[in-house]
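Asker: Here you go, one structure.
The values are calculated or read from the model by the stated rules, or taken from the named source; none is laboratory data. These numbers were taken from a predicted model, which means no experiment stands behind them. Here the Cβ positions follow ideal geometry from the backbone for every residue, glycine too, while neighbour counts run over all protein chains shown.
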Amino acid sequence: MELQKFQYDNKIVKMFAYATILWGLVGMLAGLLAALQLVIPALNFNLPYTTFGRVRPIHTNAIIFAFVGNGIFMGVYYSLQRLLKARMFSDLLSKIHFWGWQLIIVLAAITLVLGYTTGKEYAELEWPIDILITLIWVVFGWNMFGTILRRRERHLYVAIWFYIATFVTVAMLHIVNSIEIPVSFWKSYSWYAGVQDALVQWWYGHNAVAFFLTTPYLGLMYYFLPKAANRPVYSYRLSIIHFWALIFIYIWAGPHHLLYTATPDWAQSLGVVFSVMLIAPSWGGMINGLLTLRGAWDRVRDNVELKFLVVAVTAYGMATFEGPLLSLKNVNAISHFTDWTIAHVHVGALGWNGFLTFGILYWLIPRLFQIKLYSEKLANMHFWIGTLGIVIYAVPLYWAGFMQSSMWKDFTPEGQLKWQFMHTVTKMMPFYIARSIGGTLYLVGAVMMTYNLIKTIKAGSFKEVDEDSAPALTSEYQAHSKDHWHRWIERKPVQLMVVSLIVVAIGGIIEFVPAFLVKSNIPTIASVKPYTPLELQGRDIYVREGCYTCHSQMIRPFRSETARYGEYSKAGEFVYDHPFQWGSKRTGPDLARIGGKYPDSWHYNHMYDPSSMAPNSIMPSYPWLLEDKIDANSTMAKIKAMKRLGVPYPDGFENIALADMENQAKEIAASLEKDGIKTLPDKEIIALIAYLQRLGKDIKAENLKAVK
């Protein structure tokens with residue numbers, strides 16, 4: 001059979017590798033700054049652009065989409081060509097993909113710094129960037145499938161199954177979660193409200209972890225781990241079970257982020273059941289990876305990239321055991337809203353994603369530049385410093401999580417809450433300091449790697465293309481009697497994509513249809529009214545400043561929470577919340593019933609100098625809210641958008657909304673003046689006070705009347 005000669009494009013791999021290193025350092029630096037801000041509030045710098053509420057989303061987006069995202073594309077573009085025996089379908093599409101993705105990252109950084117955010121975790125980017133993400137993702141898929149369709153290798157290797165599932169599922173998640181109504185070019189409201197928004201968001205949020213941070217990296221594991229070990233994957237059959245079971249089960253697990261909340265019990269139970277089931281396929285993948293090294297463990301001792309890969313796979317196993325554990329209601333009652341969750345997330349991020357990326361870079365760069373790694377000793381130092389950093393980061397936060405939960409729930413013998421919330425904050429300081437030390441060590445390791453790779457690159461000679469040859473793929477195929485039954489779909493990439501989409505869509509459809517179509521799942525409450533124009537403006541400021549990153553608005557039906565915060569939260573409270581603001585971490589207290597608890601002047605002084613109202617507070621100050629004017633010109637457009645979303649404002653209300661806002665603002669300004677605070681009614685602080693004073697006021701014992 002005649003062999004065809006062809007080349008692999010290494011230039012696109014190099015570009016994504018460089019971007020991975022750059023954005024990794026940026027994302028880790030932002031994370032370290034956010035960690036230090038909880039220890040030294042002065043590091044918020046008293047500026048709107050550098051508060052924790054804006055830095056934290058920059059950190060999460062930089063790590064997930066910039067560092068890990070570029071790492072995915074680096075690994076996919078390298079492995080896909082070699083697994084398919086074909087050059088990438090289009091060099092032009094590769095370049096559009098690369099530069100388009102970097103543009104998205106830069107736009108994300110700029111807009112999040114400026115406070116343009118949807119307020120939905122891991123999906124904070126506003127609608128123009130969402131559209132750009134969709135277009136660039138299509139370019140990636142077009143290039144990938146174009147390459148698959150002109151492959152010279154008939155069967156698709158397991159890594160490619162995970163790449164295909166990643167492409168179709170991320171597209172589905174992004175499109176469904178990003179449906180929103182634009183108010184202006186950089187402002188929109190989620191199409192969904194309250195409980196429905198929470199279900200969609202954590203269906204997306206959990207599966208962003210599943211199908212952006214996990215499945216593509218499993219594909220990379222299945223390629224680079226055997227390559228580094230020079231051994232075949234342990235079990236083909238286990239990889240089949242791992243793939244199909246994982247993508248089917250994972251998609252159902254999102255509601256485990258919403259246990260004991262106002263979401264329907266049946267949805268929570270589904271999330272728990274499927275989360276527990278996830279242990280089996282997840283550990284199947286870990287076992288398949290580790291057993292690939294049977295007979296090659298001596299190489300791990302001498303091979304630095306294998307050390308990183310082994311710890312990465314082990315961290316994957318630990319995180320995917322802990323995730324189902326945290327989904328159990330009795331465990332979640334302890335962990336949710338605490339730093340335990342932060343520790344859990346970072347075992348996966350630092351151990352699984354970070355170390356796998358480092359291992360691939362250490363394996364890949366010397367091959368691209370045809371030279372040995374500059375310093376094995378430096379790489380080994382990176383390994384041990386990074387590992388130590390993960391331990392020092394995570395272990396104190398586990399301890400902190402248990403302590404937080406215990407203090408929140410602790411009562412005196414007389415039946416009173418034993419601790420004020422601020423006591424728990426001050427007790428966290430040693431653990432937050434330890435977390436910062438661990439993060440610093442991890443960042444130092446990454447800097448060492450960068451130096452090592454730069455020296456390697458400078459000493460080497462980049463190989464733009466790799467030459468290869470293989471027979472052309474013909475339409476004729478002789479099936480063998482010993483062929484595995486799964487081979488048929490491995491030869492049909494389009495069918496594999498369609499079946500994968502069906503498998504992942506089933507869970508989402510079954511969870512969403514009852515929540516959206518059966519009204520009894522989200523009963524309304526007569527006393528709950530739409531936000532006034534001023535309150536709506538204040539809510540948008542609350543979202544802009546990232547207050548949801550530290551505060552929850554969800555009181556769970558626990559004695560300790562109702563004693564501390566008030567009546568537990570009901571589904572009908574949130575029917576006008578676009579987006580919902582339940583939060584996922586309590587660095588500060590819950591705000592669901594904050595309305596009327598303190599006078600207007602307390603909120604004014606608290607935003608200007610938090611420690612004046614709450615000694616030892618680690619909350620940043622917001623002096624610009626006292627100076628900046630409310631964006632009154634947007635009021636009409638916001639009311640119109642809310643009406644389109646079904647919020648029952650009276651006909652023509654948008655025409656009088658501005659006057660309504662001015663009247664309420666004057667009332668608050670007059671209230672402040674009684675307490676000796678003179679301020680104009682058009683300042684942003686007035687709107688924020690209006691919103692905070694509204695929270696929970698609609699829900700009083702005498703007002704809890706269920707409506708039709």
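Asker: On the given criteria, is residue 247 crowded, with 24+ Cβ neighbours inside 10 Å and in a helix (DSSP H, G or I)?
Answerer: Criteria met by residue 247.
Asker: Still on this model: For region 518-545, which residues satisfy the criterion of being assigned to a helix (DSSP H, G or I), over 24 Å from residue 650 (Cα atoms) and at pLDDT below 95?
Answerer: Passing the criteria: 520, 521.
Asker: Still on this structure, please answer the following. Output the residues belonging to region 264-278 that are part of a loop (DSSP other than H, G, I, E, B) and under 24 Å from residue 161 (Cβ atoms).
Answerer: Matches in region 264-278: 278 only.
Asker: If you check 112, 93, 107, which single one turns out to be over 26 Å from the mean Cα position of the chain (by Cα), within 26 Å of residue 170 (Cα to Cα), at pLDDT 95 or above and not hydroxyl-bearing (Ser, Thr, Tyr)?
Answerer: Residue meeting the stated conditions: 93.
Asker: Here's something else I'd like to know. Is it the case, given these coordinates, that residue 22 is surrounded by fewer than 24 Cβ atoms within 10 Å (Cβ to Cβ), without any contact (Cβ under 8 Å) to a residue 60 or more places away in the chain and within 30 Å of residue 626 (Cα to Cα)? Don't jump to the end; show me each part of the working.
Answerer: Numbers: surrounded by fewer than 24 Cβ atoms within 10 Å (Cβ to Cβ): yes; without any contact (Cβ under 8 Å) to a residue 60 or more places away in the chain: yes; within 30 Å of residue 626 (Cα to Cα): no.
The answer is no for residue 22.
Residue-wise test of (1) of a type in the set (Asp, Glu); (2) in a helix (DSSP H, G or I); (3) at pLDDT 95 or above; (4) over 25 Å from residue 356 (Cα atoms).
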| residue | (1), (2), (3), (4) |
| --- | --- |
| 146 | no, yes, yes, yes |
| 152 | no, no, no, yes |
| 155 | no, no, no, yes |
| 160 | no, yes, yes, no |
| 167 | no, yes, yes, no |
| 176 | no, yes, yes, yes |
| 197 | yes, yes, yes, yes |
| 204 | no, yes, yes, no |
| 224 | no, yes, yes, no |
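Asker: With the requirement that a residue be buried (at least 16 other Cβ atoms within 10 Å of the Cβ) and hydrophobic (A, V, I, L, M, F, W, C), what does region 400-422 give you?
Answerer: Keep residues of region 400-422 that are buried (at least 16 other Cβ atoms within 10 Å of the Cβ), which gives 400-401, 403-405, 407-409, 417, 419, 421.
The answer is 400, 403, 407, 408, 417, 419, 421.
Asker: Just one of (1) surrounded by fewer than 21 Cβ atoms within 10 Å (Cβ to Cβ); (2) part of a loop (DSSP other than H, G, I, E, B); (3) in contact with a strand residue (DSSP E or B) (Cβ under 7 Å, 6 or more places away or on another chain) trips up residue 82, so point out which.
Answerer: So the condition that residue 82 fails would be (2).
Asker: Quick check: anything in region 682-691 over 19 Å from residue 51 (Cα atoms) and exposed (fewer than 14 other Cβ atoms within 10 Å of the Cβ)?
Answerer: Checked against the condition, which is being over 19 Å from residue 51 (Cα atoms) and exposed (fewer than 14 other Cβ atoms within 10 Å of the Cβ), region 682-691 yields no hits at all.
Asker: Take the residues in region 322-340 that are among the hydrophobic types (A, V, I, L, M, F, W, C) and within 19 Å of the chain's Cα centre (by Cα), then tell me which one is surrounded by the most Cβ atoms within 10 Å (Cβ to Cβ).
Answerer: The qualifying residue surrounded by the most Cβ atoms within 10 Å (Cβ to Cβ) is 340.
Asker: Kindly evaluate residue 548 against the criterion of being part of a helix (DSSP H, G or I) and either of a type in the set (S, T, N, Q) or touching a residue at least 60 places away in the same chain (Cβ under 8 Å) (or both).
Answerer: Considered against the rule, which asks whether it is part of a helix (DSSP H, G or I) and either of a type in the set (S, T, N, Q) or touching a residue at least 60 places away in the same chain (Cβ under 8 Å) (or both), residue 548 comes out as yes.
Asker: A further question follows. Quick one: count up the residues across region 323-339 that are part of a helix (DSSP H, G or I), under 24 Å from residue 433 (Cα atoms) and either out of contact with any Leu (no Cβ under 7 Å at 6 or more places or on another chain) or without any contact (Cβ under 8 Å) to a residue 60 or more places away in the chain (or both).
Answerer: Of the residues in region 323-339, 1 are part of a helix (DSSP H, G or I), under 24 Å from residue 433 (Cα atoms) and either out of contact with any Leu (no Cβ under 7 Å at 6 or more places or on another chain) or without any contact (Cβ under 8 Å) to a residue 60 or more places away in the chain (or both).
Asker: Which of the residues belonging to region 364-412 are under 30 Å from residue 563 (Cβ atoms) and either aromatic (Phe, Trp, Tyr) or in the same structural domain as residue 585 (by TED's automatic domain parsing) (or both)? Explain how you work it out, then say what you get.
Answerer: Just the residues of region 364-412 that are under 30 Å from residue 563 (Cβ atoms), to begin with: 396-412.
Scanning region 364-412 gives 398, 399, 402, 408, 411.
Asker: (1) charged (D, E, K, R); (2) closer than 28 Å to residue 661 by Cα; (3) part of a loop (DSSP other than H, G, I, E, B): which one isn't true of residue 556, the others all being true?
Answerer: Status for residue 556: all satisfied but (2).
Here is a yes/no grid of residues against (1) touching a residue at least 40 places away in the same chain (Cβ under 8 Å); (2) assigned to a helix (DSSP H, G or I); (3) under 27 Å from the mean Cα position of the chain (by Cα); (4) more than 25 Å from residue 506 (Cβ to Cβ):
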site: 280; (1), (2), (3), (4): no, yes, yes, no
site: 284; (1), (2), (3), (4): yes, yes, yes, no
site: 295; (1), (2), (3), (4): yes, no, no, yes
site: 301; (1), (2), (3), (4): no, yes, no, yes
site: 308; (1), (2), (3), (4): yes, yes, yes, yes
site: 320; (1), (2), (3), (4): yes, yes, yes, no
